[in-house]
Amino acid sequence: MSYNGTFITSLADFGTGVPFRETHHLAGKMVALAEEENKGMNELTIQQFQGIDKRFGDDVLSVFDYERSVELKYATGGTSRSAVLEQLEALKKTLGDR
């Protein structure tokens, strides 16, 4: 079942207008609901998300796309393809100087 931290963080970063500290609390409620329903968080419906908090929009389920979640972290040191390639280039330069 999908209860991993990647999605919890992605949900917090999703842009619902809900502060991160509050989203973490809401995610706990979602995990509890998913466990009660014996489902992964990615199997909950939009209506179930909105039952926990009305600020979740119709696109909230897009959070459960691994590639999208990883690509959202594009800052230096992030997990997006461009950030990883940048880190590899920096490492090559460092190792090449030896």
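The values are calculated or read from the model by the stated rules, or taken from the named source; none is laboratory data. Owing to the predicted nature of the structure, the values given are computational and were not obtained by experimental measurement. Note: ideal-geometry Cβ built from the backbone for every residue, glycine included; neighbour counts use all protein chains shown.
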Study note, to complete from the structure: With criteria (1) without any contact (Cβ under 8 Å) to a residue 40 or more places away in the chain; (2) surrounded by 10 or more Cβ atoms within 10 Å (Cβ to Cβ); (3) part of a helix (DSSP H, G or I), residue 73 comes up short on (3)
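Yes or no, residue by residue, for (1) in contact with a strand residue (DSSP E or B) (Cβ under 6 Å, 6 or more places away or on another chain); (2) touching a residue at least 12 places away in the same chain (Cβ under 8 Å); (3) outside any helix (DSSP H, G or I):
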position: 31; (1), (2), (3): no, yes, no
position: 42; (1), (2), (3): no, yes, no
position: 57; (1), (2), (3): no, yes, yes
position: 67; (1), (2), (3): no, no, no
position: 82; (1), (2), (3): no, no, no
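I'd like to verify a number: residues in the range 43-95 that are under 30 Å from residue 28 (Cβ atoms) and among the basic types (Lys, Arg), how many? First the steps, then the outcome.
Initial filter on the range 43-95 (under 30 Å from residue 28 (Cβ atoms)): 43-75, 77-80, 83.
Among the residues that remain, those that are also among the basic types (Lys, Arg) are: 54-55, 68, 73.
Summing the residues that are under 30 Å from residue 28 (Cβ atoms) and among the basic types (Lys, Arg) in the range 43-95 gives 4.
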Study note, to complete from the structure: Within the range 1-18, of all residues that are over 19 Å from residue 59 (Cβ atoms) and of a type outside the set (Ser, Thr, Tyr), the one modelled with the highest pLDDT is 5
